[in-house]
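Q: The structure follows.
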Amino acid sequence: MGFFEQALLAAVVIGALSGLVGALVVLRRRTFFAQALTHATFPGAVGAAVLGLSIPLGAAVASVAIVGIMALIGRVGRQGSQVASGIVLTAGFALGVLVQALNPTLPVQVDSFLVGSILTVTNGDVLLAAGVLVVAVSVVVFLGKEILFSTFDVDGFRAAGYREWPIELLSLALITATVVTAMPAVGAILAIALIAAPAAAARLLASRATQIVVAAPLIGSASGVIGVLLSRALDVPAGPAIALTAATFFLLALGMRRFGASRIRLRA
Amino acid sequence: MDLLGFLFDGFSLPFMARAAAVLAALSLVAGVVGVLVNLRGLEFISDGLTHAVFPGIAVGFVWGGREGLFLGAMVAALVAAAALTLIARSAVPTDAAIAVVFTAMFSIGIIVVSRETNYAGQLQQLLFGRLLTISPAEVVQTIVICGVALLAVTLTAKEQVFRAFDNTGFDAAGYRPLLLDLLLNGAIALVVVTASSAVGTLLVLGLLIVPGAVARLVTQRLWLLFPVAAVFSGVAAWLGLAFGFAASVDLGIDLPSGATVVLTLVSGYFVALLARLAVDRVRAGRPRSEVAS
């Protein structure tokens, strides 16, 4: 398999994963959280490159640390989750560029962490993304009903005797895993477009939650493939091309919804 | 090197003095605007703005070099501020929409820069700033723009605070929220533009939100928030600059100044956070122990 075919395969898998978990992010209103997480993987990746460890491992460790710090800040009075996300986000970038400056002989191109380089993904990256995709699909298949219930009606969910924290923890873990695996393809800055856009587009046009969960991964994969093809045809970097394709899907959905006035309005 | 030398020596060099002047102006205005960002909960929108300004910076930089950079950023920022104000008022808005649209604009900026030779180096400069190579003309530009932003916010400070705490009452009192939102988002955009060339697109958000968050931790008195935030960010910027300078002179490590400044801000935030947690714990613990005894 040539590197271009491998990039296409990675685009399909990572796009599908981002779309599926993106549905969770969008429906549970965790976009800023996910964005802070994508940005915070940057120092983890740079650190792993410095230490010679696997990049996804470094990003994953950094993400877990970040979630912990954000939980701590969120608990302090007068701060709240937006502040936590924002602070973690800039701290991540500053730390990453500092670590990079301390190691000028770093063999890896650091900006590939920022905007991604899907043409150089390894078999391991694709396998990892495929593994996370399998887990995410099985979570949605087996626990989808509970997740939707807790997403749309927390009080009812609690009253029905369910506990909320396992669902919350599960969705946090899925979001983190997705952010980590999407980074090689679209980078720390642009990952949020691939995660949020397909699900946001699907939500604009779907009338049922199930439709969102099915459509978002398809749109995500399509964004990935079209982005990689555009990148080759127009000679532009692949990460931005993928992010722009995903955003175009969102804008198209927005336009279709505006003109499709007969559709019943979705609340949420 | 002794402590005083650490704090003052570097700033006799012209490029360090210029960096300090720019950061002092930015700290003042970012402190004031940052408190309003915090009170209104506009962190996410500010993040969107920093991303949205990037294509303007990139296009301006490619066409006109450093002068073009400023112009391009201004145009992009004002357009983005107006667009954001309108999006936030329409029915469709979700945080997802903001994230998607502004990340898309960021992508356009990266594609524009990627057309340049020495793509990686220039991208890095735009993203992480070039605090130590600011020209005297840019210092003047920064101070003027910061002054405009500061004026816009201080003249409407009372109304902004009213809107932050009691939006319904604000509407009922007959004020016009659209104009006020435009002013505040415009001021944020101006800060983003000036700070982008100093500390870089990715680190601007630190200047905008950390001082406000620290002020909220330190005091509960409303009008103390603004001076606390401004003074905190000024001191942190100074320490960060001095630290970066000392590292490069004494240890021979070339640290990016924007990053040291932002990391000093964030470290200050965590010190304040832990202090606040400790104080709260002591205060919460005291009545219980009295009851026990």
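Q: Label region B:213-253 by shape, choosing from rounded, prolate and oblate, from the square roots a ≥ b ≥ c of the eigenvalues of the Cα gyration tensor; if a/c is under 1.5 it is rounded, and otherwise prolate applies when a/b is larger than b/c, oblate when it is not.
A: It is prolate, given that a/c is not under 1.5 and a/b is the larger ratio.
Q: Specify the residue with the greatest mean-square fluctuation among A:ALA160, A:ALA45, A:ALA94, computed from a Gaussian network of chain A linking alpha-carbon atoms under 10 Å apart.
A: Taking springs between Cα atoms under 10 Å, the residue moving most is A:ALA160.
Q: Turning to a different aspect of this structure: Extent of chain B along each principal axis, from alpha carbon coordinates, in Å, largest to smallest?
A: 72, 57, 32
Q: Averaged over its residues, how many other protein chain Cβ atoms are within 10 Å of peptide B:210-217's Cβ atoms?
A: Whole-number average of other-chain Cβ neighbours for B:210-217 is 4.
Q: Once the Cα gyration tensor of region A:33-185 is diagonalised, what are the square roots of 5 times its eigenvalues, in whole Å and ordered largest first, as equivalent ellipsoid semi-axes?
A: For region A:33-185, the semi-axes come out at 31, 21, 10 Å.
Q: Using the Cα centre of the protein assembly as shown as the reference point, and only Cβ charges (+1 on K/R, -1 on D/E), how large is the resulting charge dipole? Debye, rounded to the nearest 20.
A: Result for the protein assembly as shown is approximately 1580 debye, rounded to the nearest 20.
Q: To one decimal place, what orientation-averaged projected area in nm² is obtained for the convex hull of the Cα set of region B:148-293?
A: One quarter of the hull surface, i.e. the mean projection, equals 12.9 nm².
Q: Follow-up. Leaving out ligands, DNA and RNA, and with a 1.4 Å probe, what % of the accessible surface on region A:1-152 is carbon or sulfur?
A: Carbon and sulfur atoms account for 71 percent of the accessible area of region A:1-152.
Q: Scan region A:11-53 for trypsin sites (Lys or Arg not before Pro) in coil per DSSP, keeping those whose Cβ has at most 12 other Cβ atoms within 10 Å, and list them by number.
A: none
Q: Per residue, how many Å² of accessible area does region B:227-291 show with a 1.4 Å probe?
A: Accessible surface, normalised per residue, equals 51 Å².
Q: Which three semi-axes in whole Å describe the equivalent ellipsoid of region A:26-91, each the square root of 5 times a Cα gyration tensor eigenvalue, listed largest first?
A: Taking √(5λ) for each eigenvalue gives 24, 12, 9 Å, largest first.
Q: Within a 10 angstrom radius of each residue's Cβ in A:238-247, how many Cβ atoms of other chains show up on average? Whole number is fine.
A: 5
Q: Right, another one. Report the per residue volume, in Å³, of the convex hull enclosing the C-alpha atoms of chain A.
A: Output value, Cα hull per residue: 134 Å³.
Q: Using a Gaussian network for chain A with springs between C-alpha atoms less than 10 Å apart, which of these wobbles most: A:THR176, A:THR38, A:THR248?
A: So, out of A:THR176, A:THR38, A:THR248, the one fluctuating most is A:THR248.
Q: On to the next question. Across the Cα atoms of region A:195-235, what radius of gyration and what greatest pairwise Cα-Cα distance (Dmax) are found, in Å?
A: According to the Cα coordinates of region A:195-235, Rg and Dmax are 12.0, 39 Å.
Q: A further question on this structure: Taking only protein heavy atoms into account and a 1.4 Å probe, give the accessible area per residue of region A:47-199 in Å².
A: 42
Q: Moving on. Express the C-alpha Rg of region A:1-118 as a ratio against the empirical globular expectation 2.2 N^0.38 Å, rounded to two decimals.
A: 1.18
Q: Select from A:ALA34, A:ALA182, A:ALA91 the residue whose mean-square fluctuation is largest in a Gaussian network model of chain A (Cα-Cα springs shorter than 10 Å).
A: So, out of A:ALA34, A:ALA182, A:ALA91, the one fluctuating most is A:ALA91.
Q: What does the average come to when, for each residue of peptide B:126-133, you count the partner chain Cβ atoms lying within 10 Å of its Cβ?
A: Whole-number average of other-chain Cβ neighbours for B:126-133 is 2.
Q: For region A:140-268, what's the radius of gyration and Dmax over Cα atoms, in angstrom?
A: That works out to 16.8, 55 Å for Rg and Dmax.
Q: Shifting gears a bit: State, to one decimal in nm², a quarter of the convex hull surface area for the C-alpha atoms of region A:130-171, i.e. the direction-averaged projected area.
A: 2.8
Q: Any chance you could check the Cα centroid distance between region B:20-46 and region A:49-128 for me, in angstrom?
A: Rounded to whole Å, the Cα centres lie 25 Å apart.
Q: Using a 1.4 Å probe on protein heavy atoms only, how many Å² of accessible area do B and A hide from each other, summed over both chains and rounded to 100?
A: Buried surface at the B/A interface: approximately 4500 Å².
Q: Scaled to the compact-protein estimate 2.2 N^0.38 Å, what is the alpha-carbon radius of gyration of region B:137-207, rounded to two decimal places?
A: Ratio of Cα Rg to 2.2 N^0.38 Å: 1.29.
Q: Let's test this: bin the Cα-Cα distances of region B:57-209 at 5 Å from zero up to the farthest pair and state each bin's percent.
A: P(r) over region B:57-209, rounded to whole percents: 2, 8, 15, 20, 19, 14, 10, 6, 3, 1, 0, 0.
Q: As an exercise, take the mean of 1/r over every pair of distinct alpha carbons in the protein assembly as shown, invert it, and state the Kirkwood radius in angstroms.
A: Value: 24.1 Å, from the Cα pair sum.
Q: Filter the chymotrypsin sites (Phe, Trp or Tyr not before Pro) in region A:112-200 to those in DSSP coil with at most 15 other Cβ atoms within 10 Å of their Cβ, and list the result.
A: A:TYR162
Q: Just how far, in whole angstrom, is region A:215-251 from region A:131-181 if you go by their alpha carbon centroids?
A: Distance between centres, Cα-based: 27 Å.
The values are calculated or read from the model by the stated rules, or taken from the named source; none is laboratory data. No experiment lies behind these values; they were computed from the predicted model shown. Neighbour counts are summed over all protein chains in view; Cβ atoms, including those assigned to glycine, are modelled from backbone coordinates with ideal geometry. Surface accessibility is based on the protein's heavy atoms, side chains included, excluding ligands, DNA and RNA. Shrake-Rupley method; radii C 1.70, N 1.55, O 1.52, S 1.80 Å.
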